[in-house]
Amino acid sequence: MSAGDLEVQTHPIAARVTHWLMALAILLLIGSGWRIYNASPIFDFRFPEAVTLGGDVEDALALHNDPGVASALAWHFAAMWLLALSYLGFVLWNTITGHFRRDFLPIGPRLFWRDFVAAATFRLQHRLGEYNVVQRVAYWGALGSVAMMLLSGIAIWKPVQTYPLEVLFGGFQGARIVHFVFMTAIVLFIAIHVALVILVPKTFVAMTLGRATAMPHARKGDA
Amino acid sequence: MDLERRRLFGGSLSLGALTLLTGCDISDHESVQKALALVSRWNDRVQAAIFGANRLAPTFAEDQAVKDFRYNAWYGPDRSPRLDDASYRLTLAGQIADKRPWTIERLHALPRVSQITRHVCVEGWSMIGKWSGIPLRDFLGQIGADTTARYVGFECADGYYEGIDMPTALHPQTLMAFQLSDDILPTRYGYPFKIRIPTKLGFKNPKFVTTIYVSNQQPRGFWTDRGYNWFSGI
């Protein structure tokens, strides 16, 4: 595409469905995960109850002496299947169709630095449908973080049946900390991801309806 | 039409995000609870399938075992039931050939093995302890329990009740634990014995056991009745 063409972003239906299913699953997992964390915090703080998922705490306490952890766990162990399946679908589909290779590669320290400096100095051009290297690295980071969440989650869920996995994470408590750290990474990714989507709303249109177009940006060298 | 459906889809997603952000939680809806319970039963089956009948829970060194084990129940330790040696009887029921009740004296005369294993609570904390007692499978053999039945259930003096699948009951590390840290099990920890199962979450380890029964009907569980997953293997 030459610089003068209309910018086009398309997302096939498989990418959109798996993307939004992952988004839903991750929201449910974070909300319920924070409620579960609150039952036995690793660090010296708790998440505000209002942003956690698991039903009304007072009702649950009155009804059966439990601060809604039962519901939170039920959400967590239901949404984990949704995440695992949609994640596998997303990764397999993007690998087979070559989307990863075409749009998320190449990456490298030098390319990353070039785009990072450009972004930091507000000189990075955004073309709808093209990912700069900082974006590509962020997407790989998010995908890697989900993989780490699934693995550390299995280690916490089944520490006896999958004991070697726990050992890799440095013990049961190590697996809990890894689970927390990559949760934090995903929350940061979502914050930046959503902020950038708000800046360029057409990307939301493309991810929801499948296609969006934009007038090309003026660039140096464009006549 | 397609566009409408897509708008609806996007709308329900942002609604999901909104419920999380505003704390207006959908968890308490009956239909949501029913759907979650359905997935929980599916998870029971998955856990039963991946459970290794002879896969051992990790064991630890003597010095890793906690001496002052964490007390955990929905009531305070001062309200623990005090079972009297003279009147206590362990009742046996269901598919068991020899249902004669057991006195504490006879229970204490059973041969014991020791294990240093980790107790994992559903809340996320864990603690290593040393328990001693008879493997439940040996006791089930001695009383002529029908081990082709699907479940073993427990009733307790504090009103607690639990039950486990037969493969877990026959697991070599599932104990009737009469001792904690080499001492006779103190009252607050479940005297005269607790069922110690290192392949299950802590709440599947009942204390103050007064009845053991064998059945093909899935036993109810105190916390399972309050929304927790039934199998709760680890």
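When Lys and Arg each count +1 and Asp and Glu each count -1, what net charge do the other residues less than 14 Å away from residue B:195, Cβ to Cβ, add up to?
Charge balance in the 14 Å sphere: +1.
When the helix-only estimate is applied to the protein assembly as shown (DSSP H runs of n ≥ 4, each -39,500 (n - 2.57), divided by the residue count), what is the mean residue ellipticity at 222 nm, nearest 500 deg cm²/dmol?
Rounded to the nearest 500, the figure is -14500 deg cm²/dmol.
Give me the dipole magnitude in Debye, nearest 20, for segment B:54-226 about the Cα centre, with unit charges on the beta carbon: positive for Lys and Arg, negative for Asp and Glu.
Roughly 260 debye, rounded to the nearest 20.
Give me the orientation-averaged projected area of the Cα convex hull of chain A, in nm², one decimal.
Details: hull surface 61.3 nm².
Result: a mean projected hull area of 15.3 nm².
For all pairs of alpha-carbon atoms in segment B:99-234, what percent lies in each bin of width 5 Å, listed from the first bin to the last filled one?
Reading the bins upward from 0: 2, 11, 21, 26, 23, 12, 4, 1.
Taking amide hydrogens as modeled 1.01 Å from N in the peptide plane, which residues meet the under 5 Å criterion relative to residue B:119, leaving out close sequence neighbours?
Counting only residues 5 or more places away or on other chains, the set is B:127, B:128, B:129.
Within 10 Å of each Cβ in A:159-168, how many Cβ atoms from other chains are there, averaged over the peptide?
4
Across peptide A:55-61, what mean number of C-beta atoms from other chains lies inside 10 Å of a residue's C-beta?
Other-chain Cβ atoms within 10 Å of each residue's Cβ, averaged: 3.
Could you give the distance between the Cα centres of segment B:201-231 and segment B:127-170, to the whole Å?
Distance between centres, Cα-based: 10 Å.
Hey, got the average number of other protein chain Cβ atoms within 10 angstrom for residues in B:28-39?
For this peptide, the per-residue mean of nearby foreign Cβ atoms is 3.
Suppose every Lys and Arg Cβ carries +1 and every Asp and Glu Cβ carries -1, with no other charges. What dipole size does segment A:74-223 come out with about its Cα centre, to the nearest 20 debye?
Using only the charged Cβ atoms, the result is roughly 420 debye.
Mind listing the phi-derived Karplus ³J(HN,Hα) values for segment B:135-145, rounded to whole Hz, using 6.51, -1.76 and 1.60 with θ = phi - 60°, and x for any glycine or proline?
x, 4, 5, 5, 5, 4, x, 5, 8, x, 6
What is the Cα radius of gyration of chain B over 2.2 N^0.38 Å, N being its residue count?
Numbers: Rg = 21.0 Å, N = 234, 2.2 N^0.38 = 17.5 Å.
The reported ratio for this selection is 1.20.
In square nanometres, what is the average projected area of the Cα convex hull of segment A:75-180?
Computing the convex hull of the Cα atoms and averaging its projections yields 8.9 nm².
Suppose we take every Cα in segment A:137-223 and form the convex hull; what volume per residue is that in Å³?
132 Å³
For chain A, take the longest principal axis of its alpha carbons; what is the angle in degrees between that and the long axis of helix A:133-157, to the nearest 10 within 0 to 90?
20 degrees
Which whole-number percent of Cα pairs in the protein assembly as shown have a distance greater than 38 Å?
Values: 37690 of 104196 pairs.
Beyond 38 Å sits 36 percent of the P(r) for the protein assembly as shown.
Once you have the Cα-Cα distance between residue A:120 and residue A:17, take 0.36 nm times their residue separation minus that, and quote the gain in nm to one decimal. Before the final figure, lay out each step's value.
Details: separation 103, 0.36 × 103 = 37.08 nm, distance 3.25 nm.
Residue separation times 0.36 nm, minus the Cα-Cα distance, leaves 33.8 nm.
Using a Förster distance of 30 Å, how high is the FRET efficiency between residue A:93 and residue A:165, based on the Cβ-Cβ distance and rounded to 0.05?
Once rounded, the FRET efficiency stands at 0.70.
When Lys and Arg each count +1 and Asp and Glu each count -1, what net charge do the other residues less than 14 Å away from residue B:216, Cβ to Cβ, add up to?
Result for the neighbourhood of residue B:216: -1.
If packing is taken as the average number of other Cβ atoms within 10 Å across a peptide's residues, how do B:225-234, B:106-115 rank, most packed first? Each step should come with its number before you reach the end.
Values: B:225-234: 21.5, B:106-115: 14.4.
Averaged packing, sorted descending, gives the order B:225-234, B:106-115.
Pairs B:34/B:194; B:99/B:130; B:67/B:200; B:34/B:207; A:158/B:34; B:130/B:204: which exceed 23 Å Cα-Cα?
Distance filter (> 23 Å) returns B:34/B:194; B:99/B:130; B:34/B:207; A:158/B:34.
Values in this text are rule-based calculations from the coordinates and carry no lab data. These numbers were taken from a predicted model, which means no experiment stands behind them. FYI the Cβ positions are ideal-geometry reconstructions off the backbone, even for glycines, and counts take in every protein chain you see.
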